[in-house]
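Peer 1: Handing you this structure, nothing more for now.
The values are calculated or read from the model by the stated rules, or taken from the named source; none is laboratory data. Values in this document were obtained by computation on a predicted structure and should not be read as measured data. Note: ideal-geometry Cβ built from the backbone for every residue, glycine included; neighbour counts use all protein chains shown.
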Amino acid sequence: MDDAGGTQSITRGIGLLKIVAEGPPEGLTLAQVAERASLHRATAHRLLAALTRERLLEQDASHRYHGGVELWVLGEAAARRFDIRELCRLPLERITAETQDTVYLSVRSGYEAICVARYEGAFPIRTLSLNLGDRRPLGVGSGSLALLAFLSEADRHEVLDGLSRQLTRYPRFTTTGIRRLMDETRARGYSFVGGTILPGMSAFGVPILDGHGHAIAALSVAAIDARMAEPRRSKMVRLVQSEATAVSNRLGAGRRAQIPPSAGASKQRQRA
């Protein structure tokens with residue numbers, strides 16, 4: 001096999017791993033995997049067999065594919081190397097205790113944002129719009145929008161150019177609309193989404209930045225609309241921005257990674 005063929009096989013194999021990992025709890029059949037990967041069944045079967053031999057995947061009694069034990073081992077190794085969830089555990093707990101609303105942590109994967117942590121507050125009406133492991137196209141939802149808005153300029157352009165296919169499941173969203181929301185988010189310093197995901201629910205998101213000022217994760221808070229009214233929203237935004245900046249600094253970001261203040265916070269400092 002030449003280098004080009006080998007690279008293609010590796011790329012396809014990684015794609016199949018992602019498809020199975022993102023699949024439903026009951027697993028996926030060969031036909032389902034092949035369809036989602038846009039591969040001929042014979043090609044998909046060959047790659048799936050290789051991944052199964054390496055125990056990255058496994059088949060159950062009904063011949064459906066699931067993540068294998070070696071995939072879990074690799075994930076645990078990656079988590080020990082860089083576990084943003086552990087870095088954000090105490091900040092998430094503090095934000096949840098202070099706001100009493102639902103708080104999420106999201107990270108980027110390609111053109112998508114993945115929910116990697118969810119903390120539920122004590123307020124009796126809870127907005128549970130995401131489960132652990134749920135994925136959304138970048139720009140759809142408050143945490144996802146905060147991630148997109150504060151990526152590097154090159155990454156923002158790449159995502160926006162390739163986002164149309166990801167939005168097929170979200171007819172209320174377009175790349176033009178997401179571009180507008182992205183620009184508003186950058187100007188404001190945080191994302192704000194009202195009623196576009198769940199009627200009666202609003203949410204805002206704040207990026208966690210690296211040393212170059214680019215987003216690597218996002219913290220978001222979701223609540224019923226009444227709890228997102230001003231001045232409460234600005235108070236919560238300042239709290240989350242402070243926690244996000246602290247996490248950025250722990251990652252070695254320093255001053256360059258400070259979260260841009262909201263317009264309300266800037267005005268308050270000017271009055272002071």
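Peer 1: For the range 5-38, name all the residues that are outside any helix (DSSP H, G or I) and either touching a residue at least 60 places away in the same chain (Cβ under 8 Å) or touching a helix residue (DSSP H, G or I) at 6+ places or on another chain (Cβ under 7 Å) (or both).
Peer 2: 22, 28
Peer 1: Then there's this: Considering every residue within the range 151-167, establish whether at least one is surrounded by 24 or more Cβ atoms within 10 Å (Cβ to Cβ) and within 20 Å of residue 193 (Cβ to Cβ).
Peer 2: Scanning the range 151-167 turns up no residue that is surrounded by 24 or more Cβ atoms within 10 Å (Cβ to Cβ) and within 20 Å of residue 193 (Cβ to Cβ).
Peer 1: Modelled with pLDDT of 85 or more, crowded, with 16+ Cβ neighbours inside 10 Å and closer than 17 Å to residue 101 by Cα: is that true of residue 204 in this structure?
Peer 2: Here the answer is yes, as residue 204 does meet what is asked.
Residue-by-condition table, conditions (1) within 16 Å of the chain's Cα centre (by Cα); (2) outside any loop (DSSP other than H, G, I, E, B); (3) more than 29 Å from residue 125 (Cα to Cα):
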{"site": "146", "(1), (2), (3)": "yes, yes, no"}
{"site": "166", "(1), (2), (3)": "yes, yes, yes"}
{"site": "171", "(1), (2), (3)": "no, no, no"}
{"site": "178", "(1), (2), (3)": "yes, yes, no"}
{"site": "181", "(1), (2), (3)": "no, yes, no"}
{"site": "193", "(1), (2), (3)": "yes, yes, no"}
{"site": "199", "(1), (2), (3)": "no, no, no"}
{"site": "203", "(1), (2), (3)": "yes, yes, no"}
{"site": "211", "(1), (2), (3)": "no, no, yes"}
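Condition check ((1) among the charged types (D, E, K, R); (2) within 23 Å of residue 115 (Cβ to Cβ); (3) loosely packed, with under 15 Cβ neighbours inside 10 Å) across all residues:
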{"site": "19", "(1), (2), (3)": "no, yes, no"}
{"site": "30", "(1), (2), (3)": "no, no, no"}
{"site": "34", "(1), (2), (3)": "no, no, no"}
{"site": "37", "(1), (2), (3)": "no, no, no"}
{"site": "40", "(1), (2), (3)": "no, no, yes"}
{"site": "43", "(1), (2), (3)": "no, no, yes"}
{"site": "60", "(1), (2), (3)": "yes, no, yes"}
{"site": "67", "(1), (2), (3)": "no, yes, no"}
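Peer 1: Quick one: how many residues across the range 98-136 are without any contact (Cβ under 8 Å) to a residue 12 or more places away in the chain and exposed (fewer than 14 other Cβ atoms within 10 Å of the Cβ)?
Peer 2: 1
Peer 1: Residues that are at pLDDT 90 or above, among the basic types (Lys, Arg) and under 20 Å from residue 86 (Cα atoms): does the range 114-129 have at least one?
Peer 2: Within the range 114-129, one or more residues are at pLDDT 90 or above, among the basic types (Lys, Arg) and under 20 Å from residue 86 (Cα atoms).
Peer 1: Also, quick follow-up: Run residue 64 past the list (1) touching a helix residue (DSSP H, G or I) at 6+ places or on another chain (Cβ under 9 Å); (2) closer than 18 Å to residue 12 by Cα and report the number of the one that doesn't hold.
Peer 2: (2)
Peer 1: Here is a further query. Collect the residues in the range 182-193 that are surrounded by fewer than 19 Cβ atoms within 10 Å (Cβ to Cβ) and under 15 Å from residue 144 (Cβ atoms), keeping them in residue-number order.
Peer 2: 184, 186
Peer 1: Assess whether residue 43 counts as being touching a Lys or Arg at 6+ places or on another chain (Cβ under 6 Å) and not acidic (Asp, Glu).
Peer 2: Here the answer is no, as residue 43 does not meet what is asked.
Peer 1: Continuing with the same structure: Which one of these is aliphatic (A, V, I, L, M) and over 26 Å from residue 251 (Cα atoms): 132, 181?
Peer 2: 181
Peer 1: For residue 175, indicate whether it is farther than 21 Å from residue 214 by Cα, free of Cβ contacts under 8 Å to residues at least 40 places away in the same chain, polar (S, T, N, Q) and outside the structural domain of residue 22 (by TED's automatic domain parsing).
Peer 2: When the stated conditions are applied, residue 175 does not pass them.
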